[in-house]
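Just below is one structure, and these are the notes that go with it.
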Amino acid sequence: MSVDEDDSSARDPAPALRRGVRILGILTEAQGRAVGLTEIARALKAPKSSTSNLCVVLEESGLIRRVEAGYLLGHRTVEFGGAYIHSFNEVREFYRYCATAAALSQEVVQIAMLDGSDVLYLARHEGSAPLRLTAGIGDRFPAAPTAVGNALLAALPDDEVARLFRDPAAFPRRTAQSVRTLPDLLAKLELVRRRGYAVDENEVHPGISGVAVRMPPRSSSSPALAIGCTFLTAATSDLQQETILAELFELERLMENPMQPISDPRPGAEADS
């Protein structure tokens, strides 16, 4: 072991645990591609022997699984992810509302949280015509061009936004409309603050737009969430977009107050009951 490794181990109270967590991160970032032991060891800057020992423990725990080409995430990660998502009462209420809402039931609707300069998607309602290009549960997208990202960033002070986006890599050019600079992002966020909702006009995928609203956290320990709806730009009229936005605001209001029951948003539902 080198002097640098000795110093690093002395500073880290649990180096093996940290490396194990890093292995899970490496496999997550591989997006379903099997990662070999040599590549994992290189990324950890650790000997193959100790990396192999860590992989054995993770495999026995069901957190990773070995295949011919290397390692993939294991079934226990699904259990952990599901348990985390189910800790949000908002997610259950989200699915219940979207299943019956006149407009949202037909569209792709998602819940996301902010993670640095990215957004992480926690829930997804498919609608009647799902869009395959949009984010799924567990996907990570840049926050700058997305409606959910802008809805969440607009609640932060400008200096905090500047800190999160000091790296130019936080502004990937996904389409010709994608925001590319901090001043342009700050201008977008000011518009979000004025009108109370965020818009993505073909910034993530050409021909696909979205709107989103922010839901304040229910407690000091809960993250703020954004609810967004994604749709085909050309196939959605202004009136349809207004209806979608109205239902998003209604969903935000209902989810913000956990003591208020979720009503059936279908037209005439109260008369039928």
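The values are calculated or read from the model by the stated rules, or taken from the named source; none is laboratory data. These figures come from a predicted structure and were not determined experimentally. Reconstructed Cβ throughout: ideal geometry from the backbone, glycine too, with neighbour counts over all protein chains shown. Keep in mind that these areas ignore ligands, DNA and RNA; they rest on the heavy atoms of the full protein, side chains included. Shrake-Rupley method; radii C 1.70, N 1.55, O 1.52, S 1.80 Å.
Observations, loosely collected:
- For segment 153-250, the Cβ-based charge dipole about the Cα centre amounts to some 260 debye (Lys, Arg positive; Asp, Glu negative; other atoms uncharged).
- Cα gyration tensor shape for the chain, rounded if a/c is under 1.5, else prolate or oblate: prolate
- Rel. contact order, % - alpha carbon contacts under 8 angstrom, at least six apart, the chain: 15 percent
- Sulfur and carbon atoms: percent of accessible area, segment 148-231 [1.4 Å]: 51 percent
- The alpha carbon gyration tensor of segment 108-164 gives principal lengths a ≥ b ≥ c with a/c of 1.5 or higher and a/b greater than b/c, which makes the shape prolate.
- In terms of its alpha-carbon gyration tensor, segment 19-171 comes out oblate; a/c meets the 1.5 threshold, while b/c is at least as large as a/b.
- Across Glu68, Glu60, the residue with the most accessible area heads the list, and the full order at a 1.4 Å probe is Glu68, Glu60.
- Cα-based helix-to-principal-axis angle, 182-195 vs the chain, degrees rounded to 10: 40 degrees
- Residue-normalised accessible area of the chain, expressed per residue, 1.4 Å probe, Å²: 54 Å²
- Each residue was assigned an accessible area with a 1.4 Å probe, and for Arg253 the value is about 110 Å².
- Of every Cα-Cα pair in segment 156-228, the percent that sits beyond 18 Å: 49 percent
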